[in-house]
Protein chains: 6
Amino acid sequence: MFSVTVRDHMMIAHSFRGEVFGPAQRLHGATFVVDATFRRAGLDADGIVVDIGRATDRLRAVLGELTYRNLDDEPAFAGVNTTTEVLARTVADRLAEAAHAGDLGEGARGLAGITVTLHESHVAWASYERAL
Amino acid sequence: MFSVTVRDHMMIAHSFRGEVFGPAQRLHGATFVVDATFRRAGLDADGIVVDIGRATDRLRAVLGELTYRNLDDEPAFAGVNTTTEVLARTVADRLAEAAHAGDLGEGARGLAGITVTLHESHVAWASYERAL
Amino acid sequence: MFSVTVRDHMMIAHSFRGEVFGPAQRLHGATFVVDATFRRAGLDADGIVVDIGRATDRLRAVLGELTYRNLDDEPAFAGVNTTTEVLARTVADRLAEAAHAGDLGEGARGLAGITVTLHESHVAWASYERAL
Amino acid sequence: MFSVTVRDHMMIAHSFRGEVFGPAQRLHGATFVVDATFRRAGLDADGIVVDIGRATDRLRAVLGELTYRNLDDEPAFAGVNTTTEVLARTVADRLAEAAHAGDLGEGARGLAGITVTLHESHVAWASYERAL
Amino acid sequence: MFSVTVRDHMMIAHSFRGEVFGPAQRLHGATFVVDATFRRAGLDADGIVVDIGRATDRLRAVLGELTYRNLDDEPAFAGVNTTTEVLARTVADRLAEAAHAGDLGEGARGLAGITVTLHESHVAWASYERAL
Amino acid sequence: MFSVTVRDHMMIAHSFRGEVFGPAQRLHGATFVVDATFRRAGLDADGIVVDIGRATDRLRAVLGELTYRNLDDEPAFAGVNTTTEVLARTVADRLAEAAHAGDLGEGARGLAGITVTLHESHVAWASYERAL
């Protein structure tokens, strides 16, 4: 199995509902350093998993819909805690849609899966892994 | 599949028995930067894999039983080489016990597995992965 | 010249005023991984620059006054852009006050200076360096 | 499942054939920071996955056949794009040959698999995972 | 003293002349992860050292003149070993020219100095520091 | 001003005397990831600060005298706390002796200074800077 990973980041504000979150129930924020991993059983004729330029551009586009925003005001997350886990799934699902729509190139149709990891600090991160 | 990882560290002394270890048969030591990963198929009602505050506290407690010690003198490791691999399993097993005992919260009962990685330097690390 | 550095982090929301900030004029947030460096010409009788336990605790206390907050609502920053540079100075100045007040131990009175670096992402950081 | 990883690097020149590569069709180069991970279900009698000294030496030997070279001139890669993915497989396959030949020690015959990750920059890396 | 640093990278091929370089006399290559640090005694009216967007764009432009090339063929480096040290100075000097030309904004005219660090691997890097 | 840095590591056991050290008064250990920085006003005829191969070898030799040992038993440290600060100075002073003795090559006689940083964990490090 092969994989290729590209990294970018987003900077958002949000708050959480639930006693388990303690002081993070207050409005605060985070930089998420985001790693998007594309998996594939074999390589295409060019010897790659995915066009890394397209993967980088698409990750930037997906994060561009989230960054520099207060996620508490985003309709897409109404009634949902935008935890690191939830955001990892959101990014992975939107990349998966892009792959299915052909936005990662024709070769990306052979992808087996996507994993997205969001680093919220130097001591904590979360991942979501899905098939394609 | 989701996962959440928290990082902490411990600083221990130890020595190894066996020619394969070369100069590491002498009493020496290591800083282990420890990553504890908790895996779960779905998220709980709060949108999380595990209460990250509890996970952090529990990892600190487990490492607190090992750090600032000479592991050669610890009864728990009598007759055992405290290699990075063995210590990764020790930390993972103790976190698993904590999960089973409810010390990571009720939600943690839904965890699928735990992986622990110990970084012994910038050029070497070891992991142990287990089901819960 | 000797130095000792300890690392911690904070997670805040804020917005900026000024066209130069582009989309960062919107309410957003950041994780700042914070490095506090203490400098000293010589070592004390124990062979250290500063009691690293006290330095770590004091840094945590200073960051505890800022983390999990919307800095736009903090009186201390009224009328001020809480840029990475400004926050680096704030943290450094508060650590300097702590040193002068004896909160870093008597030995810390020999400190020559403090530098604070705030990492806002994997591709950007800012520092403020001052004498003590 | 246990794993042990060792890190080293190589510095090579190469070019790619195919429009998908854009400016990377020109002769350029890369530092690849290489992580070789050895997996094993259980530990041997010494409490290790593999002799880390031998693993380090063998990784260095494998990278020594590639580093400080223009890969466009290497017969082993004639007609092949030496993408990060392809090079990850090359390194993994050569380490697997070494394991089979006994060059990683007798204990290494119990290895379940090898994963090799090549970091081409701070924002991109690729992996190849195989059974042994 | 304040500073702001932005990070980007370039991927080049080159060779060195001189016995001191050993195998690096052969055509090979490198990824350089590049940190550009801008220093300034005080902050401008917006509370910043430099417009970080412009600094990022300018660094990208400077690296864009070097990346995906064989530096042995670049007239700018005729008769010069393109060592990590030399390239750090090249990048710093080109950023200094940009600052003097106003390409980093009017505020950047108050900059005191620039430091550029090129990381050639996880175990080696070089810096060049200059006044403005 | 130019600089070149090389990185290596050592793994030692030790204990500290003095109440300020708390639990670190017990025998424990550390991995120190060691960065040795060589500074020089200008470059030599080859375009370098120092022969990086020799610098790497010499750092390895200096660390080889310390690693895989219990520093409490080393005569060189009798009556001295082997704090991170003290060890940074020890490594810097031994590299300075090597430079003076010509072990870093004739070109190294032009070095202006050396800085050594020892990382004891992902959240703490210490440096010692000296002239040559």
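The values are calculated or read from the model by the stated rules, or taken from the named source; none is laboratory data. Since this is a predicted model, take the numbers as computed values, not measurements. When we count neighbours, we look across all protein chains shown, and the Cβ atoms used for this are built from the backbone with ideal geometry, even at glycine.
Assorted remarks:
- Looking only at region D:63-81, and only at residues there that are part of a loop (DSSP other than H, G, I, E, B) and among the acidic types (D, E), the one that is farthest from E:I12 (Cα to Cα): D:E65
- Of all residues in region E:14-44 being basic (K, R) and in a strand (DSSP E or B), the one that is farthest from F:T56 (Cα to Cα): E:R40
- E:D57 being among the acidic types (D, E), within 30 Å of C:V80 (Cα to Cα) and at pLDDT 95 or above: yes
- For region B:1-31, a residue qualifies if it is under 30 Å from B:G110 (Cα atoms), more than 8 Å from chain F (Cβ to nearest Cβ) and buried (at least 19 other Cβ atoms within 10 Å of the Cβ), and the qualifying residues are B:F2, B:S3, B:V4, B:T5, B:V6, B:D8, B:M10.
- Flag for B:G53 being touching an Asp or Glu at 6+ places or on another chain (Cβ under 9 Å) and surrounded by fewer than 18 Cβ atoms within 10 Å (Cβ to Cβ): no
- Residue check for B:G42: over 30 Å from F:G64 (Cα atoms), surrounded by fewer than 18 Cβ atoms within 10 Å (Cβ to Cβ) and in contact (Cβ under 8 Å) with a residue 40 or more places away in the chain: yes
- Residues that are of a type outside the set (V, I, T) and either under 16 Å from the mean Cα position of the chain (by Cα) or within 14 Å of chain D (Cβ to nearest Cβ) (or both) within region B:73-87 comprise B:A76, B:F77, B:A78, B:G79, B:N81, B:E85, B:L87, listed in sequence order.
- Index of the failed condition, D:G110 passing every other in (1) farther than 28 Å from E:S15 by Cβ; (2) in contact (Cβ under 8 Å) with a residue 60 or more places away in the chain; (3) touching a Leu at 6+ places or on another chain (Cβ under 8 Å): (3)
- Annotation: C:T83 fulfils all but one of (1) farther than 25 Å from C:I52 by Cβ; (2) touching a helix residue (DSSP H, G or I) at 6+ places or on another chain (Cβ under 6 Å); (3) among the β-branched types (V, I, T); the unmet one is (2).
- Against the list (1) facing another protein chain (nearest Cβ under 10 Å); (2) closer than 24 Å to A:H14 by Cβ; (3) in a helix (DSSP H, G or I); (4) not β-branched (V, I, T), the condition C:R60 fails is (1).
- The requirement of being farther than 19 Å from E:Y128 by Cβ, assigned to a strand (DSSP E or B) and of a type outside the set (K, R) is not satisfied by E:G47.
- Only one of B:R109, B:R69 that is of a type in the set (D, E, K, R), crowded, with 17+ Cβ neighbours inside 10 Å and over 25 Å from D:F38 (Cα atoms): B:R69
- If the condition is being out of contact with any Ser or Thr (no Cβ under 8 Å at 6 or more places or on another chain), of a type in the set (D, E, K, R) and within 9 Å of another protein chain (Cβ to nearest Cβ), then region D:88-132 contributes only D:R89.
- Members of region E:82-103 found to be crowded, with 23+ Cβ neighbours inside 10 Å and part of a loop (DSSP other than H, G, I, E, B), listed by number: E:T83
- Residues within region D:37-54 that are out of contact with any helix residue (DSSP H, G or I) (no Cβ under 8 Å at 6 or more places or on another chain) and among the charged types (D, E, K, R), tallied: 1
- Residue in region B:17-26 that is under 18 Å from the mean Cα position of the chain (by Cα) and without any contact (Cβ under 8 Å) to a residue 40 or more places away in the chain present: no
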